[in-house]
1. With a point put 7 Å past each Cα toward its Cβ, work out how far Ala64 is from Asp77 in nm, to one decimal.
2. Carbon and sulfur atoms: what percent of the 1.4 Å accessible area of segment 19-100 do they account for?
3. How much length is gained on full extension from Gln88 to Arg33, taking 0.36 nm per residue of separation minus their Cα-Cα distance?
Amino acid sequence: MTPYYQHPGRKVFLLTYSGLLLQKFMTDFLDQRPEVLHWFGVLPSAILIVSRLNTATLANLIHAQFPHVFFVITEVDPMNTSGWMNQQVWDFINAPNSSGRWEPPG
């Protein structure tokens, strides 16, 4: 079953990585990538990412920048995701809002 997103063409991914001290470096990197439409840091080493790309392409981008960091990136299916987080996280997963960055049309 294809995940349902309120914004077709956009997917939500969960990136988890080793190293608690990397968050600032990782978010600075994500801010510079036009492939990353929005992101939301949900835990010290976990970030939700919105992109039109797939997991393999995003993984290659991250690995090229951080070749010695272990990480996992997976697509979040909003219809099959559960956990204990605040409402802002669930709102972002179900209808990602703007990170404040300009988003190209299309």
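1. Here the answer is 3.0 nm between the modelled labels.
2. Of the solvent-accessible surface of segment 19-100, carbon and sulfur hold 57 percent.
3. Answer, rounded to one decimal: 17.5 nm.
The values are calculated or read from the model by the stated rules, or taken from the named source; none is laboratory data. Since this is a predicted model, take the numbers as computed values, not measurements. Heads up, the Cβs are rebuilt from the backbone with ideal geometry, glycines too, and the neighbour counts pull from every protein chain shown. Areas reflect the complete protein model, heavy atoms only, side chains present, ligands, DNA and RNA absent. Shrake-Rupley method; radii C 1.70, N 1.55, O 1.52, S 1.80 Å.
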